[in-house]
1. Quick check: anything in the range B:196-216 surrounded by fewer than 24 Cβ atoms within 10 Å (Cβ to Cβ), under 14 Å from the mean Cα position of the chain (by Cα) and either within 16 Å of ligand 2 (Cβ to nearest atom) or among the hydroxyl-bearing types (Ser, Thr, Tyr) (or both)?
2. Do any helices (runs of 4 or more DSSP H) lying entirely in the range A:156-257 carry at least 2 residues that are away from chain C (no Cβ under 14 Å), and which ones are they?
3. Can you tell me which residue in the range B:98-111 is nearest to the other protein chains (Cβ to nearest Cβ), limited to those that are surrounded by 21 or more Cβ atoms within 10 Å (Cβ to Cβ) and in contact with a Phe, Trp or Tyr (Cβ under 7 Å, 6 or more places away or on another chain)?
4. Just to be sure before I move on: is A:ALA111 in contact (Cβ under 8 Å) with a residue 12 or more places away in the chain and not basic (Lys, Arg) in the structure I sent?
5. Which of the strands (runs of 3 or more DSSP E) found entirely inside the range B:41-125 contain at least 2 residues meeting this: under 30 Å from B:SER265 (Cβ atoms)?
6. When the residues of the range B:52-88 are filtered to those that are touching a residue at least 12 places away in the same chain (Cβ under 8 Å) and within 14 Å of A:GLY247 (Cβ to Cβ), which remaining residue is nearest to ligand 3 (Cβ to nearest atom)?
7. May I ask you to list the residues in the range B:100-133 that are at pLDDT 90 or above and in contact with a Lys or Arg (Cβ under 7 Å, 6 or more places away or on another chain)?
8. Given (1) surrounded by 16 or more Cβ atoms within 10 Å (Cβ to Cβ); (2) touching a residue at least 12 places away in the same chain (Cβ under 8 Å); (3) under 21 Å from the mean Cα position of the chain (by Cα), identify the lone condition not met by C:TRP142.
Amino acid sequence: MAVKININPFIAYALKRFGIMMLTFSVALFLIFILPRMIPGNPLASTIFRLTQGGITSPEQLKATERMLLETFKLYEPLHIQFVDFISKLIHGDLGTSILFYPLSVADLIALYLPWTLLLMIPAVSLSWFIGNYIGVVAAMNRNKFVDKVVLTIFMILQGVPPYVLGMYLILLLAVYMPIFPTGGGWPPGMVPRLSVEFVLAYLKHYILPFLSIFISSLGGWGLSMRSIAVQELASDYMEYTIRGVGLSQKKVVNYLFKCSALPQIVGLAIVLGWSVAGSVLTEIVFGYPGIGMIFWRAINAQDYPLIQGIFIIIIATLLLANYISELLFAYIDPRARYAYVGVQ
Amino acid sequence: MNSLAIGEIMSILDVRNFRAYYFTKAGTVKAVDGVNLSIDKKTIIGIVGESGCGKSTLAKALSFNVEPPLKIVKGDIVIDGIKINDMTTDEIRRKILGIKVALIPQSAMNALVPTVKIRSFIKDVLKEKTGYTTLEIFELAVKRFKELNLPIEALDMYPFELSGGMRQRVLIAIATLLNPSLLIADEPTSALDVSTQKMVLETLYDIYRRGLVKSIIFISHDIATVRQIVDEIVVMYAGKFVEKGSTEEMINEPLHPYSKGLIFSILTPELIVRERVRKAKEVLLKGEPPSLINPPSGCRFHPRCPYAMDICRREEPPMIEVERNRFVSCWLYVKR
Amino acid sequence: MISSISSTIIRLFRIKKFAIGLLILLVVLFIGIVGPAIYEVSPTRTIGRRYVPPGEKYPLGTDALGRDVLAQFLHGIRGSLYVGAIASAISLSLAIFLGTIAAVFGGLVDKIVMTLSEILLLIPSILLMMLLAAYLPERSLWIVAVVIGITSWAGWCRGFRSRTLSILSSEFINLAILSGASRLNIIIRDIVPIIAPYVLAAFAMLFSYSIMAEVGLTLVGVGMTKDVTLGLMLYVAQIYANISQGIWWTIVPPSITVTLIFLSLYMIATSIDELFSYR
Ligand SMILES: Nc1ncnc2c1ncn2[C@@H]1O[C@H](COP(=O)(O)OP(=O)(O)OP(=O)(O)O)[C@@H](O)[C@H]1O
Ligand code: SF4
Ligand SMILES: [Mg+2]
């Protein structure tokens with residue numbers, strides 16, 4: 001009867017998923033590598049040519065950029081050599097040098113901007129997870145009653161409104177017509193990020209609207225999925241017994257229901273957090289918020305291929321990793337799934 | 001525990017002309033349609049019948065586990081002298097469930113929340129119903145688990161970590177922690193293998209013997225199991241009781257044609273020989289139980305009954321007491 | 001058969017959500033199809049001063065380049081609908097085709113399709129789209145639609161596979177196989193009718209997803225460059241910082257319409273889903 005964990009199935013599962021993750025990452029890397037080189041006319045080559053022809057004024061910088069680009073993409077080499085070079089640089093953490101922010105390296109740029117993105121996304125997504133799920137459970141407890149219908153309608157509309165659209169309206173409303181908040185940016189121009197009360201306050205003022213637009217627009221998705229999970233849970237033998245067989249109070253039942261239904265949602269949270277970088281791009285653009293999304297946008301508009309490529313790799317890596325973690329988390333955290341995967345007995 | 005003053009005059013359970021229907025789109029399912037049951041002494045009663053005859057519905061209704069489409073249509077429920085129909089859902093929840101009456105549901109295997117440890121479940125339930133401190137609750141739980149020979153470690157496990165039989169026994173222990181007067185166990189032994197069945201039966205009997213509950217209603221489709229611990233057997237058919245008597249009499253000499261079929265189909269052939277029934281068709285149940293939306297007229301068993309007479313199709317047979325405490329509802333036994 | 005289909009349709013319309021969704025969608029479709037034909041102003045030519053607010057001369061004002069916003073809006077709806085239709089047709093065909101052959105043939109075919117779709121599911125299609133689109137120098141409506149279409153079939157492909165599998169394991173298909181019907185025959189005669197409602201729901205979801213995807217791609221700067229769509233309107237508004245200047249007329253119409261299209265299709269898809277899964 002003692003809990004004896006037979007570890008093998010879990011490790012097997014973890015290894016299998018790891019394999020799939022690595023396979024996917026390789027496919028993604030291959031796509032990142034091959035696409036610009038395969039598309040007719042080789043846009044990479046022509047852009048590099050264009051860039052080295054004009055745009056950059058000082059001759060030293062032109063020379064340096066040209067050398068750097070040739071070094072980064074090695075377009076003069078045969079494809080397979082290029083690929084080996086691409087991979088070996090990647091393994092060494094070398095993502096190349098940005099054209100737009102020359103001479104900053106892509107890795108440095110990402111390290112510089114990523115924290116701001118995470119600072120925006122992690123609190124907004126987590127809080128929205130918690131509150132959305134809680135409302136979802138309450139709606140499920142009151143299913144088909146008035147409260148439920150109102151919540152369902154609001155959540156459905158919220159789910160249809162992408163965060164950037166919501167962001168546009170928030171700006172129009174709370175920054176233009178009622179100038180309470182600034183219309184964009186991360187902090188007032190001229191200010192330099194540092195840990196002072198003055199800066200933090202100014203930052204928060206810029207932070208609230210993008211935070212709200214992500215927070216509010218993700219409420220709907222969490223709430224709706226939670227509601228449907230919780231409704232299923234409510235029909236289960238154990239919830240029926242807890243509610244009507246034993247007669248536990250409403251408050252405790254909500255608690256239990258949250259516990260049972262939240263487990264699959266935790267996986268969702270991990271995945272969405274992995275999406276942070278990708279998911280914040282549009283919101284950052286709309287708000288001009290200085291995160292990865294913002295420099296991604298600038299990179300695309302300036303055709304800064306090393307930077308575009310680097311950000312793609314980072315986004316896909318975080319996504320895959322978060323997905324992997326969420327899979328393991330699910331197998332580990334849910335006693336039922338743990339039972340199925342690990343075979344506790 | 002001293003609620004019974006002198007002797008046991010107060011009835012533990014009393015229901016009269018009790019009806020509970022499912023109101024569905026397809027029609028009204030008259031799953032429990034006019035049953036009388038009163039328990040006025042410590043006893044274990046078995047209720048048997050084919051699948052779909054309304055046993056679980058009766059169990060749910062008697063333990064107030066009622067939600068749409070199921071509704072109690074008629075009949076008062078009196079438990080321990082308390083008339084319960086007038087109470088609000090909230091009162092029932094706080095004062096009756098687990099205290100006066102407890103249910104082991106048919107789906108007991110999955111009745112415990114999988115993400116909550118047994119210990120916290122017990123704590124949450126008892127906190128609300130008693131006001132004991134956490135420590136007192138755990139002391140009570142440990143004491144009870146020991147009494148019933150259940151492993152204390154089970155308290156710190158999740159339900160799925162327990163085997164099927166253990167889950168069933170733990171649930172019985174939890175449901176009776178507050179010594180309810182009446183325990184209703186719906187098919188507590190089905191879906192278990194024979195040796196596990198025996199352990200569950202022992203636990204049930206243990207609870208009864210130690211006086212932790214006054215009475216048990218043991219519901220099953222399997223007479224062979226039921227007879228091992230019950231004092232009385234009630235046979236249910238299509239939402240009604242058709243026969244009632246002591247276990248001995250019921251097994252040795254079932255009166256109602258349906259009871260005969262039910263009992264002979266599971267018991268040893270020599271009984272059949274003793275009954276001198278030559279035509280096998282008389283004792284073997286043929287056909288399907290009837291629809292409870294449009295039950296047959298008259299005696300509900302008549303389409304399947306080898307003895308069916310004219311009157312059986314027209315009129316419902318009354319429940320008559322053929323001997324002391326021996327009831328049957330069949331025209332064959334009505335003296336006219 | 002006919003009567004059961006019509007009774008199903010009647011029941012669908014009884015669902016309020018479905019009726020509202022369909023109404024919204026029809027209105028948007030009507031505007032997108034008929035609008036540009038009635039309002040004959042060019043969406044791409046400069047016709048006046050920039051940022052003229054809505055008024056008599058220009059019903060929805062002009063944009064940063066002095067173009068008529070109403071004309072842009074009407075053509076934009078049409079463009080977005082085109083993108084949605086083309087992209088969802090492509091991804092739906094891929095999903096049905098791959099999902100069904102994976103289920104029917106099983107074995108190696110199944111393995112390949114499943115692995116491919118698993119990989120595609122792990123790499124979000126919006127990223128693949130960006131990746132593809134980022135390197136395409138000129139992006140027309142067709143190119144964007146094709147890019148969206150070929151990257152978004154994976155999830156639905158799995159759905160079709162599992163539905164087909166469950167149909168295949170049912171009684172009457174076994175009978176058909178025993179009676180010697182060919183595989184193709186089985187697909188056409190037995191499987192397609194059963195999964196038709198699912199196809200409809202999938203189409204609605206993919207359609208709305210594609211329209212949203214175009215907007216997202218274009219806003220990031222890797223989407224539409226040539227044809228007018230709702231995404232391009234928002235992109236232009238974004239580039240010229242219309243929001244912070246309070247120039248609402250270039251933003252509100254396209255953003256509300258995108259949301260409405262998404263919501264209406266979502267309502268339709270979920271109603272179909274509910275009706276057929278709760279039977
Ligand atoms: N939720 C429900 N809605 C409608 N009808 C129901 C519902 N639950 C049960 N019934 C019907 O009520 C009748 C009695 O069901 P019940 O579960 O009480 O039978 P049972 O004797 O316990 O059978 P079993 O041995 O299968 O448990 C059956 O005809 C059943 O179809
Ligand atoms: S009343 Fe008639 S039909 Fe019913 S059991 Fe008795 S003999 Fe059979
Ligand atoms: Mg039952």
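The values are calculated or read from the model by the stated rules, or taken from the named source; none is laboratory data. Everything numeric in this text was worked out from a predicted model, so none of it was measured. Reconstructed Cβ throughout: ideal geometry from the backbone, glycine too, with neighbour counts over all protein chains shown.
1. Scanning the range B:196-216, I find at least one residue that is surrounded by fewer than 24 Cβ atoms within 10 Å (Cβ to Cβ), under 14 Å from the mean Cα position of the chain (by Cα) and either within 16 Å of ligand 2 (Cβ to nearest atom) or among the hydroxyl-bearing types (Ser, Thr, Tyr) (or both), so the answer is yes.
2. Numbers: elements: A:163-171, A:197-234, A:237-240.
Answer list for the range A:156-257: A:197-234, A:237-240.
3. Applying the filter and picking the extreme gives B:ALA111.
4. On the way: in contact (Cβ under 8 Å) with a residue 12 or more places away in the chain: no; not basic (Lys, Arg): yes.
No.
5. Numbers: elements: B:44-48, B:70-74, B:77-79, B:101-104.
Counting at least 2 such residues, we get B:44-48, B:101-104.
6. If we filter the range B:52-88 for residues that are touching a residue at least 12 places away in the same chain (Cβ under 8 Å), which is where we start, we get B:52-66, B:68-82, B:84-85.
Remaining after also requiring within 14 Å of A:GLY247 (Cβ to Cβ): B:60, B:63-66, B:84.
Values: B:LYS60: 9, B:SER63: 13, B:PHE64: 17, B:ASN65: 12, B:VAL66: 15, B:ILE84: 22 Å.
Among those residues, the one meeting the criterion is B:LYS60.
7. B:ASP124
8. (1)
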